[in-house]
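Student: The structure under discussion is supplied below as structure tokens; questions concerning it will follow.
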Amino acid sequence: MALFSTGDELVMPGEPLRPGAIYNSNRYTLRALLQRCGCEVSDLGIVPDRLEATREALRQAAAGNDLIVTSGGVSVGEEDHLRPALEAEGRLDLWQIAMKPGKPLAFGEVRRPGAAAGAAPAWFIGLPGNPVSSFLTFLLAVRPVLLRLQGATELAPRTLPRRADFDWPGPDKRREFLRVRSQPDGSVALYGNQGSGVLTSLVWADAIVDNPPGQVIRRGETVRCIDLAGWLA
């Protein structure tokens, strides 16, 4: 499996953090998740925000891999080049998904350079750049693809009913995935900041509430929870 991140703003941990730059935490998270799924990972690093560089990265990734996973570059900014690059090098089948966090999500395929007509392409899944969005969309979109390629039939995570020790009065119109932590009394508490860039919320959490679109949650009500340890197994 091939992996790369896109964005001129990305720097690796240990490098000087210049103004406007952010650390590329997704490189470590996604690589570890892929390896946990039993994949051999071809890490192509960081690809700059240029169309031709993105096209070249897709060609290189497709040459020797069954699946290409990327992070960043799938939004609607002027420097988000993955969509036109993917359309030039293959096919785009899906661009956005109704979940929060994680709306920007791309799915398609990339032609293998020099392959004979009719040769199987490499699958492509483009994940959002925000670390929580990237983590959750991996579990929801990439992990099932990997399991299916490996012959598995049970793809969906198991959900368990838990009691909410919090209120969620302003739900989104999209399906939401909330980071929570189990309490001694069997309830789950909500992490205070549910922002898609708050990676510490995943470190703190041991479960994810799968909340339907527009669903208000009141303290004491039953919610559907996905155990993170089981999801990652």
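The values are calculated or read from the model by the stated rules, or taken from the named source; none is laboratory data. Since the structure is predicted, the reported quantities are computational estimates derived from the model, not experimental observations. Ideal geometry is used to build each Cβ from the backbone, glycine not excepted, and the neighbour counts take in all protein chains shown.
Student: Just name the residue that is farthest from ARG174 (Cα to Cα) out of those in the stretch 198-220 that are surrounded by fewer than 13 Cβ atoms within 10 Å (Cβ to Cβ) and charged (D, E, K, R).
Tutor: In this case the residue turns out to be ARG219.
Student: Out of GLY20, GLY14, GLY38, which single residue is under 18 Å from the mean Cα position of the chain (by Cα), in the same structural domain as VAL145 (by TED's automatic domain parsing) and not in a helix (DSSP H, G or I)?
Tutor: On inspection, the qualifying residue turns out to be GLY38.
Student: Among the candidates ALA53, ALA85, ALA61, which residue alone is farther than 23 Å from PHE135 by Cβ, assigned by TED's automatic domain parsing to the domain that holds TRP123 and touching a Ser or Thr at 6+ places or on another chain (Cβ under 8 Å)?
Tutor: ALA85
Student: Can you find a residue that is closer than 18 Å to MET12 by Cβ, in a helix (DSSP H, G or I) and free of Cβ contacts under 8 Å to residues at least 40 places away in the same chain anywhere in the stretch 52-74?
Tutor: Looking through the stretch 52-74, at least one residue is closer than 18 Å to MET12 by Cβ, in a helix (DSSP H, G or I) and free of Cβ contacts under 8 Å to residues at least 40 places away in the same chain.
Student: Quick one: in the stretch 177-228, which of the residues that are under 18 Å from LEU139 (Cα atoms) and of a type in the set (Val, Ile, Thr) is farthest from the chain's Cα centre (by Cα)?
Tutor: VAL180
Student: Also: Looking at the stretch 133-154, which of its residues are part of a helix (DSSP H, G or I), in contact (Cβ under 8 Å) with a residue 40 or more places away in the chain and out of contact with any Phe, Trp or Tyr (no Cβ under 9 Å at 6 or more places or on another chain)?
Tutor: SER133, SER134, PHE135, THR137, PHE138, VAL142, LEU146, LEU147
Student: Surrounded by 15 or more Cβ atoms within 10 Å (Cβ to Cβ) and closer than 18 Å to GLY7 by Cα - does that describe any residue in the stretch 135-155?
Tutor: Checked the stretch 135-155: at least one residue is surrounded by 15 or more Cβ atoms within 10 Å (Cβ to Cβ) and closer than 18 Å to GLY7 by Cα.
Student: Looking only at strands (runs of 3 or more DSSP E) that fall completely inside the stretch 175-233, which ones have 2 or more residues that are aromatic (Phe, Trp, Tyr) and touching a Cys at 6+ places or on another chain (Cβ under 9 Å)?
Tutor: Qualifying strands (runs of 3 or more DSSP E): none found.
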